[in-house]
Amino acid sequence: MANEHEASYYDRKPYYVSVQAGSIVEDPTVTGYELAITANEEELNRLQELLEEYASMDEAQASVYALSPFRSASDKQINAGTDGLLEDIYRLLYELGTDETKRHVATMGLFPEGSLQ
């Protein structure tokens, strides 16, 4: 029984991801999605953690900005944390992605040409 569970843990299945919505679904008809991937449970958990961290960071930045919209930090400073996290998300999506997903991520301009291998 443990071997069956262990095998299913490492089996890769198709998932559909919306970075904007922070969602990962197995059924592409239940909600809109941007990218298709194949992942095992460990990879899926890692992606979910990154998406949750991104959502939390984005909410925190919005709250801080709402409290002090005229602060002196530049947009670059404000967005540095979320930009790095988005790069991590899209790098993982590239690694797990279908051929179409890989092509899409590669053309987004987030990564230097040739750095996604």
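Relative to the current alpha-carbon distance between ARG46 and GLU100, full extension at 0.36 nm per residue lengthens the span by 17.3 nm. Extension gain for the segment GLU113 to ARG91, taken as residue separation times 0.36 nm less the Cα-Cα distance, is 6.6 nm to one decimal.
Does the range 16-57 classify as rounded, prolate or oblate by the C-alpha gyration tensor (a ≥ b ≥ c root eigenvalues; a/c under 1.5 gives rounded; else a/b over b/c gives prolate, otherwise oblate)? Because a/c hits 1.5 or more and a/b fails to exceed b/c, the range 16-57 counts as oblate. Summing +1 for each Lys or Arg and -1 for each Asp or Glu among the other residues whose beta-carbon sits under 9 angstrom from that of LEU96 gives -1. The listed peptides 30-38, 101-109, ordered by packing as a protection proxy, come out as 30-38, 101-109 (highest mean of other Cβ atoms within 10 Å first). The stretch between TYR9 and ALA21, if pulled fully straight at 0.36 nm per residue, gains 1.8 nm over its current Cα-Cα span.
Just so you know, all these numbers are worked out from the coordinates, no wet-lab data involved. Predicted model, so just to flag it, every value in this text is computed and none were measured. Note that we place each Cβ from the backbone using ideal geometry, even for glycine, and neighbour counts take in every protein chain shown.
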